[in-house]
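Read-outs throughout are calculated quantities, based only on the coordinates presented, and are distinct from any laboratory measurement. Everything numeric here is computed off the predicted structure, so don't read it as measured data. Here the Cβ positions follow ideal geometry from the backbone for every residue, glycine too, while neighbour counts run over all protein chains shown.
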Protein chains: 2
Amino acid sequence: MSFSNQIQAVAYCRTPYKQKFGIPRQPGLVSAARGFVELVPPFNQIDAVRGLEQYSHLWLLFCFHENLAAGWKTTVRPPRLGGNEKLGVFATRSTFRPNGIGQSVVKLHAVHTRNGKVSLEISGMDLLDGTPIIDIKPYIPFSDSIENAQGGIAQEAPVLANVSFSGQAQKQLEQYQQNPAYPRLAELIEGVLAQDPRPAYKKAKADPKLYQVALYDLDILWVITDTGIEVTELRASQVGKTVQADKQPAPLSPNQS
Amino acid sequence: MSFSNQIQAVAYCRTPYKQKFGIPRQPGLVSAARGFVELVPPFNQIDAVRGLEQYSHLWLLFCFHENLAAGWKTTVRPPRLGGNEKLGVFATRSTFRPNGIGQSVVKLHAVHTRNGKVSLEISGMDLLDGTPIIDIKPYIPFSDSIENAQGGIAQEAPVLANVSFSGQAQKQLEQYQQNPAYPRLAELIEGVLAQDPRPAYKKAKADPKLYQVALYDLDILWVITDTGIEVTELRASQVGKTVQADKQPAPLSPNQS
């Protein structure tokens with residue numbers, strides 16, 4: 001018996017996450033992350049989402065489009081286990097998987113149907129900006145929410161790091177916050193960095209590097225301190241740099257800053 | 001921006017459900033339904049499921065393979081609303097949807113790795129026997145289980161019908177139950193029929209028809225009574241009939257039985 005099928009995007013997701021580095025490792029961890037699911041023809045019909053506003057949460061099925069070319073791996077080393085233990089790809093939510101399909105639950109805030117276009121305003125997604133959405137389904141509490149499910153290594157939400165802003169970063173933050181292009185900016189930065197986006201093998205070591213994550217069109221620079229994570233600078237993204245940062249986690253040496 | 005991708009089966013699901021008519025409309029409703037997810041090459045490697053046994057529940061992504069040819073519809077009439085109200089396809093779990101992908105949570109009982117083959121023993125699935133599985137992911141309680149989600153028309157599990165067996169059916173049941181090919185047969189029949197598998201528009205009317213559902217290789221015949229559903233006969237499937245029943249709900253006139 002064999003089976004294969006062609007799938008296509010029904011929508012694209014707009015999010016503040018412009019590079020993979022820094023995206024929370026599960027949905028729901030950073031509620032300040034607001035975004036939109038923009039339906040594309042022939043699916044962007046008001047009728048296709050009729051009744052959806054009755055639901056508080058949605059499932060998005062999507063493609064790990066930036067990882068498709070890399071294919072899948074039989075085993076992966078989950079960040080939670082410090083990168084020391086291998087688990088099977090089907091025992092994880094690894095992004096390098098057969099068929100490259102991801103599944104995330106997000107909160108639904110509003111269904112917008114303006115000028116014949118349809119978009120869904122959501123929060124809590126863990127998706128790269130531009131991610132192709134291949135299906136949208138309502139979250140059905142009585143079957144999807146399982147009270148006593150046992151979750152192996154992922155039973156509890158990750159421990160959060162303490163996040164602070166340097167004096168300079170705090171001033172820059174206050175300026176950028178006045179711009180409506182950056183809604184809930186402080187909460188978003190704190191939420192993203194509290195997850196400690198570094199690769200797990202770094203966490204046991206002293207780490208003098210300067211890191212960067214891209215949120216909206218801003219670069220957020222940060223360092224590891226004795227007590228947690230300190231944001232040292234916020235600045236407009238330099239496009240070339242952001243594109244490069246997209247390819248891998250982006251440590252910068254301090255004298256680049 | 002456009003996107004399309006080829007997907008393939010990583011496994012096939014073995015279930016007692018041999019036809020669409022009678023399959024519960026959500027997973028988890030009939031826990032007596034036991035089945036197997038049988039991985040296929042090159043995915044049937046013990047390493048690919050390493051660590052999966054730590055989880056109590058799994059997500060299966062699958063294809064509505066028997067509906068793909070029929071395509072998708074912008075709106076559907078959910079059975080819960082009596083077939084009178086239209087909802088958008090993305091506001092339902094309708095099986096006639098873009099990309100034809102379904103998503104079900106199931107209980108994991110065991111990971112079998114015998115003779116180099118890998119199969120997962122599951123229950124509570126709402127899948128047709130032979131359904132192609134395109135991904136297997138662990139159920140992660142802290143992000144998947146949302147305590148206060150609001151569920152529109154699907155906030156509560158469906159009301160169950162009362163199920164009884166006629167004297168003849170009770171005797172047949174006791175005989176078939178001695179055969180290990182039919183595990184938990186009484187519970188499975190009761191669970192399936194308690195959902196009342198008839199099309200919603202039938203429910204408001206007197207209904208003298210004789211219905212049939214196929215479970216394992218048995219045909220279960222039943223009627224509607226004043227107080228619920230009565231099973232009138234259990235018998236070995238007649239292959240030709242089962243194939244035909246697959247195409248649509250299967251009322252039989254009483255003199256056919």
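By counting other Cβ atoms within 10 Å of each Cβ, how are A:Ser166, B:Ser4 ranked from fewest to most?
Ranked by crowding around the Cβ, least crowded first: B:Ser4, A:Ser166.
Within the range A:28-108, which GluC sites (Glu not before Pro) sit in a loop by DSSP and count at most 10 neighbouring Cβ atoms inside 10 Å?
none
What nm distance separates the two modelled labels at A:Ser166 and B:Ala110, each placed 7 Å from Cα along Cα→Cβ?
6.0
To make sure I understand, if each residue's beta carbon is the centre and we count other beta carbons within 10 Å, what order do B:Lys107, B:Lys205 fall in, fewest to most?
In increasing order of surrounding Cβ atoms, one gets B:Lys205, B:Lys107.
Test of understanding: ordering B:Asp135, A:Asp226, A:Asp196 by Cβ neighbours within 10 Å, fewest first, what list do you get?
Listed from fewest to most nearby Cβ atoms, that is A:Asp226, A:Asp196, B:Asp135.
Suppose R0 equals 51 Å. What FRET efficiency, 1/(1 + (r/R0)^6) with r the Cβ-Cβ distance, do A:Glu187 and B:Lys117 give to the nearest 0.05?
0.55
Please find, among residues of chain A, the one with the beta carbon closest to the rotation axis relating it to chain B, distance in whole Å.
A:Ser145, 2
Give me a single rounded figure for A:38-49: the average over its residues of other chain Cβ atoms within 10 Å of their Cβ.
Taking all residues of A:38-49 together, the mean is 4.
Given axes a ≥ b ≥ c from the Cα gyration tensor, I'd like to know whether the range B:87-201 is rounded (a/c under 1.5), prolate (a/b larger than b/c) or oblate.
oblate
Mind listing the label-point distances from B:Ile46 to the same position on all other copies, shortest first, one decimal in nm, points 7 Å along Cα→Cβ?
Once sorted, the set of distances for B:Ile46 reads 5.9 nm.
Would you work out if the protein assembly as shown is rounded, prolate or oblate? Take a ≥ b ≥ c from the square roots of the eigenvalues of the alpha-carbon gyration tensor; rounded if a/c is under 1.5, else prolate when a/b is larger than b/c, oblate otherwise.
prolate
Give, rounded to the nearest 20 debye, the magnitude of the charge dipole that chain A has about its Cα centre when Lys and Arg contribute +1 at Cβ and Asp and Glu contribute -1 at Cβ.
600
Pull out a ≥ b ≥ c, the square roots of the eigenvalues of the alpha-carbon gyration tensor of chain A, then state rounded if a/c is under 1.5, prolate if not and a/b is larger than b/c, and oblate in the remaining case.
Oblate, because a/c is 1.5 or more while a/b does not exceed b/c.
Just to confirm the number: angle between the C-alpha axis of helix A:185-194 and the first principal axis of chain A, 0 to 90 degrees, nearest 10?
80
Give me the angle, in degrees from 0 to 90, between the Cα long axis of helix A:167-177 and the longest principal axis of the Cα atoms of chain A, rounded to the nearest 10.
30
Would you mind getting me the FRET efficiency between B:Lys73 and A:Ser2? Use the beta-carbon distance for r and R0 = 35 Å, nearest 0.05.
So the FRET efficiency works out to roughly 0.80.
GNM, chain B, Cα, under 10 Å: largest mean-square fluctuation among B:Phe36, B:Phe96, B:Phe142?
Judging by the Gaussian network model, the answer is B:Phe142.
Along the charge dipole of chain A, pointing to its positive end and built from +1/-1 on Cβ of Lys, Arg, Asp and Glu, which listed residue (A:Pro180, A:Gly100, A:Val111) has its Cα farthest out?
In chain A, that residue is A:Gly100.
Note down the magnitude of the dipole of the range A:144-218 about its Cα centre, charges +1 on Lys and Arg C-beta and -1 on Asp and Glu C-beta and zero elsewhere, to the nearest 20 debye.
It works out to roughly 480 debye.
When you look at the Cβ of every residue in A:72-78, what mean number of other chain Cβ atoms sits within 10 Å?
Mean shielding by partner chains, rounded to a whole number: 3.
Quick one: compute the contact order of chain B, relative version, from alpha carbon pairs under 8 angstrom and 6+ residues apart, as a percent.
26 percent.
Could you pull the copy-to-copy label distances for B:Ala236, with points set 7 Å along Cα to Cβ, in nm to one decimal and sorted shortest first?
Copy-to-copy label distances for B:Ala236: 8.0 nm.
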